[in-house]
Amino acid sequence: MSIPCRELVELVTDYLEDTLSPEQHARFEEHLSECGGCRNYIVQMKETIHLTGTLSEEDITPEAEEELLRVFRNWKDHPTEE
Amino acid sequence: MPLDADLRLLEDLRDGHESAFQQLIELYQSSMIRVALLYVPTRVLAEEVVQETWIGVLKGMRRFEGRSSLKTWIFSILMNQARTIGQREGRYQTIEWEEAGDLEPSVVADRFQSADNPYPDHWTTAGRPDSWDTIPEDTLLNKETRRYIQQAIDDLTESQRMVITLRDVDMLTSEEVCNILGISETNQRVLLHRARSKVRQSLETYLSEQH
C-alpha cells in the first residue's frame with residue numbers, strides 16, 4: 001500500500017534528511033511516482049529551502065569590523081597562547 | 001572532519017594574514033550574533049560574546065587539531081563565552097523548547113479528501129499543489145518574495161525560527177545545530193519540519209496571488 005498524500009506531507013523532512021527506514025523510503029518514492037500533486041509539493045519544498053538560503057545576511061558594521069581587526073592586529077603583534 | 005578550505009584558512013590565519021580573518025568574520029559573524037542572542041538578552045552583550053569568541057579563536061588557534069570542522073570549533077567557543085557572559089549578567093536566557101508531540105498538520109486538512117470520498121487522504125482537485133515551473137525565476141528571486149519569506153520566518157515560534165535559520169540560512173548541519181542548541185536530533189527535525197512547512201505554505205499563498 002502506498003502512503004496517502006496527507007501522510008506524505010508529514011514525512012517530507014524525514015525524506016529530505018534521509019532518516020526514513022528503507023521500507024518507508026521505498027513507499028515514499030512509490031507514492032511520488034504515482035502522484036503529481038505530491039511531486040509538486042516536494043519541488044515546492046525544495047524551492048522553499050533554496051530560497052530561504054538566499055536570504056541576505058545582515059552585514060557587519062564597519063565600526064564592528066574595524067574593532068575586530070584591531071583585535072587581530074593586537075594578537076598578531078603579541079601572540080599569546082592559552 | 002575539516003575541509004581543505006578550512007585548513008587553508010587556518011594556515012593563512014596562523015601566518016597572520018588579515019584577509020583570512022576578514023573572511024572568517026564574513027562567514028560566521030551574523031550567525032554567531034544570532035546564536036549568542038539565545039543566551040544573552042541584548043544585542044550589545046551578544047556583540048561582546050562574539051568579540052570574546054574571536055579573541056578565543058585567535059588565542060586557541062594553535063591548539064586546534066582539526067578533529068572537528070573549524071565552524072564547529074568556533075561555535076563551541078562561542079557557546080562557552082555566551083554561557084559565561086550570560087551567567088555574569090545573571091540573565092542567562094533559556095528558550096522554551098517545544099516538545100515533539102501535539103502535531104499541527106503541515107497542510108490544512110481540507111485540502112485532502114475526506115473518508116467518504118474514493119481516495120481518502122489524497123489531494124482534492126482544488127487542494128492539489130500546483131507546479132511552480134511556470135513561475136519566472138525573476139519572481140521567485142525578487143526582493144519582494146524574499147521579504148515575504150523573511151516575514152514567514154519571523155512569524156514562526158522562537159525555536160522553529162532558530163532551527164530553520166541555522167539550518168537553511170546559515171547552512172549548519174543538523175549535528176551542529178543539535179550541539180549548539182542542546183536539543184535531540186528528533187526534536188531538531190520536528191522543529192525544522194514545522195518551520196519549513198509553514199514557510200512553504202506562506203510562499204505558496206503569496207505566489208498564487210502573483211499570477
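Values quoted throughout were computed directly from the atomic coordinates according to the rules given, and no laboratory measurement underlies them. These numbers were taken from a predicted model, which means no experiment stands behind them. Virtual Cβ from ideal backbone geometry, glycine too; neighbours counted across all protein chains shown.
Grab the Cα-Cα distance for B:Ala109 and B:Arg147, subtract it from 0.36 nm times how many residues apart they are, and report the gain in nm with one decimal.
10.9 nm
What Cys residues in chain A are without a partner cysteine, judged by a Cβ distance under 4.7 Å?
A:Cys5
Using the basic label-point model (7 angstrom from Cα toward the beta carbon), what is the B:Glu18 to B:Asp133 distance in nanometres?
Modelled inter-label distance: 5.3 nm.
Within chain B, what is the longest stretch that has no trypsin sites (Lys or Arg not before Pro) placed in a DSSP loop and near at most 13 other beta-carbon atoms within 10 Å?
That would be B:92-211.
Placing one identical point scatterer on every Cα of the protein assembly as shown and ignoring solvent, what is log10 I(q)/I(0) from the Debye formula at q = 0.11 Å⁻¹?
At q = 0.11 Å⁻¹ the computed log10 ratios are -0.76.
Angle between the Cα long axis of helix B:4-14 and the longest principal axis of chain B, 0 to 90 degrees, nearest 10?
Approximately 30 degrees, to the nearest 10.
Output the relative contact order of chain A, whole-number percent, from Cα pairs under 8 angstrom with separation of 6+ residues.
Reported relative contact order: 27 percent.
Considering every residue in A:7-18, what mean count of other chain Cβ atoms within 10 Å of its Cβ is obtained?
Mean partner shielding for this stretch: 5.
For the range B:145-202 and the range B:1-46, write down the distance between their C-alpha centroids in whole Å.
What the calculation gives is 21 Å, centre to centre.
How long are the three semi-axes of the equivalent ellipsoid for the range B:135-211, computed from the Cα gyration tensor as the root of 5 times each eigenvalue, in whole Å, largest first?
They are 26, 12, 10 Å, listed from largest to smallest.
Mind checking B:17-24 for the average number of partner chain beta-carbons within 10 Å of each residue's beta-carbon?
Mean partner shielding for this stretch: 3.
Compute the Cα gyration tensor for chain B, then decide on rounded, prolate or oblate, letting a ≥ b ≥ c be the square roots of its eigenvalues: rounded whenever a/c is under 1.5, prolate when a/b is larger than b/c in the other cases, and oblate in all that remain.
prolate
Please compute the alpha carbon radius of gyration of the range A:5-77, then divide it by the globular-protein estimate 2.2 N^0.38 Å. Two decimals is fine.
1.97
Mind checking the mean number of beta-carbon atoms from other chains within 10 Å of the Cβ atoms in B:126-138?
3
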